[in-house]
Each structure stands twice: as C-alpha cells, then as structure tokens.
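To start, the structure itself, in structure tokens.
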Amino acid sequence: MTEVFPIEIKLTSEFQRKIRILAKKYRKIRLDLAEALQQLQAGTFLGDQIQGVGYTVLKVRIKNTDAQRGKSGGYRLIYWIQSPFCLVLLDIYSKSEQENTDTDEIQRILREFQDG
C-alpha cells in the first residue's frame, strides 16, 4: 500500500492580506474555505484553469454563507499548482465586490511570490 501525503498549501502575501480584509466583513470566510482547502490538500484540484497566465492556475467558486447569494455571489479562490505536491493560494475576493482578477494581476502575484 502506498502512503498518500497531503499536498502542501502555501499562501502568498496577497492572499494573506485579502483574507484579513474579507474576514472583517465576512465572519465565516475561514469556515467557507475549509471544505475547499481539504479537497485541495487531498489532491482534488477544483475549479477552471485560467488561460494566458503561463502556469497551471485555477479559479474556484466558493459559497459565501455570510451573503445569501449562492456561489455566484460568493468568493473566488485563485491558486497555482506549483507541483503535484504543492499548491499556492494566490488570491481571494468576493464576487460582489470585485469583478475578476486579470492575468496581468495574477502574473504580478506569482512574480512577487517567486521573488519572495
């Protein structure tokens, strides 16, 4: 039997900053994220790939239980599959507050993370 190790999840400073800001307005954001993070850590990559970034970056919809709008008015979590054993949470935003994160912004966050 082969051992399955959980996937390491790293956070960019951008993600950490945004989660702090969102948590002030949406008290349950960490609970809302927990299920998706458990699936990601188990190796189930969620969401749709964002084209034009140059890396395997995905965007997943997460329901905001503080706002009764379903997934369409929920959060968008953007993450990068750095390797089969590691992923990086790049950005999170509330769809009701921000339209989308464009590829230039995602590339900027990736560069900042890699330059560390």
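Overview of results
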{"read-out": "Listed residue (GLN39, PHE15, SER96) projecting farthest to the positive dipole end of the range 8-115, Cβ model", "value": "SER96"}
{"read-out": "Whole-number D in µm² s⁻¹ for the chain, Kirkwood Cα-pair radius fed into Stokes-Einstein, 37 °C, 0.692 mPa s", "value": "225 µm²/s"}
{"read-out": "Dipole magnitude (debye, nearest 20) for the chain, charges at Cβ of Lys, Arg, Asp, Glu", "value": "600 debye"}
{"read-out": "Cα centroid separation - the range 89-114 against the range 37-74, whole Å", "value": "12 Å"}
{"read-out": "Relative contact order of the chain, defined on C-alpha pairs under 8 angstrom at six or more residues apart (%)", "value": "28 percent"}
{"read-out": "Restricting the range 21-116 to GluC sites (Glu not before Pro) in coil, as DSSP defines it, with at most 16 other Cβ within 10 Å", "value": "GLU97, GLU99"}
{"read-out": "Cβ-derived FRET efficiency at R0 25 Å, ARG27 paired with ASP48, nearest 0.05", "value": "0.35"}
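Read the figures in this text as sums done on the coordinates, not as results from a lab. The structure displayed is predicted, hence computed values, not measured ones. Methodologically, a virtual Cβ is constructed for each residue, glycine included, from the backbone with ideal geometry; neighbour enumeration extends over all protein chains shown.
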